[in-house]
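The values are calculated or read from the model by the stated rules, or taken from the named source; none is laboratory data. What you see is a predicted model, and the numbers here were worked out from it, not measured in a lab. With ideal geometry, Cβ positions are generated from the backbone for all residues, glycine too; neighbour counts draw on all protein chains shown. With ligands, DNA and RNA removed, areas are computed over all heavy atoms of the protein, side chains included. Shrake-Rupley method; radii C 1.70, N 1.55, O 1.52, S 1.80 Å.
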Amino acid sequence: VGYAMAFGNMHASALREELRKALANAEAKDRQKVEILGYVSHDLRAPLSTISGYSSLLLANANEGQRKHLLAIQRGVKYQLNLIDELLEYAKAELQPLAIHSVTTDLPLLLDNIVEHGIALCSHQNNGFRYQPSAQIPQRIHIDGRRLQQALLNLLSNAAKFTRDGLVTLSVTAQKEG
């Protein structure tokens, strides 16, 4: 009985040591992930800043048609920079779920920005893009516009990716709560 007890204690001690090592290893890997995201975000920011800078320079002498496209590029760069910031927040929060931050948002303006991205996304596979807003869309709404934009762009990106020589439609309706 004495030998079995000693063996059991040694076995439990060895398991605790293995668990401690595994936890330390997992924590080290988490720290490495955060560091890698920091390096990657810096590497992503540099070319985006260059694109933004050159598009600003080009805006000075742009005609109206060029101006529209350059402003779309700048909005795209801003969107990507916001995603990079969010990715860093996410990593630094030790991979906790992303928070929702509702603010008063100009919904038609947000949707117009999403439509411009949608047009560009659809053009890659020779797709058409149609936007069908409802007449009842409110001007201002209390939502997390960034999350709505992420969700809609993800859906449009998937629709454009899996459609060729077709039509992608974004149809938006609104109804009052209650």
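Structure summary
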{"read-out": "Residue selected from segment 49-62 under the condition more than 24 Å from Gly118 (Cβ to Cβ) and outside any helix (DSSP H, G or I), by the criterion most open to solvent (accessible area, probe 1.4 Å)", "value": "Asn61"}
{"read-out": "Output for segment 67-79, where each listed residue is surrounded by 16 or more Cβ atoms within 10 Å (Cβ to Cβ) and without any contact (Cβ under 8 Å) to a residue 40 or more places away in the chain", "value": "Leu70, Ile73, Val77"}
{"read-out": "Scope segment 109-146; condition outside any strand (DSSP E or B) and of a type in the set (S, T, N, Q); matching residues", "value": "Asn113, Ser123, Gln125, Asn126, Asn127, Ser134, Gln136, Gln139"}
{"read-out": "Of all residues in segment 86-104 being open to solvent by 60 Å² or more (accessible area, probe 1.4 Å) and not in a loop (DSSP other than H, G, I, E, B), the one that is modelled with the lowest pLDDT", "value": "Lys92"}
{"read-out": "Among (1) over 30 Å from Leu37 (Cα atoms); (2) assigned to a helix (DSSP H, G or I); (3) open to solvent by 50 Å² or more (accessible area, probe 1.4 Å) - the single one Thr169 does not satisfy", "value": "(2)"}
{"read-out": "Every pair of residues 6+ apart whose Cβ atoms lie under 8 Å, when the first sits in segment 152-178 and is acidic (Asp, Glu) while the second is open to solvent by less than 90 Å² (accessible area, probe 1.4 Å)", "value": "Asp165/Gln125; Asp165/Asn127"}
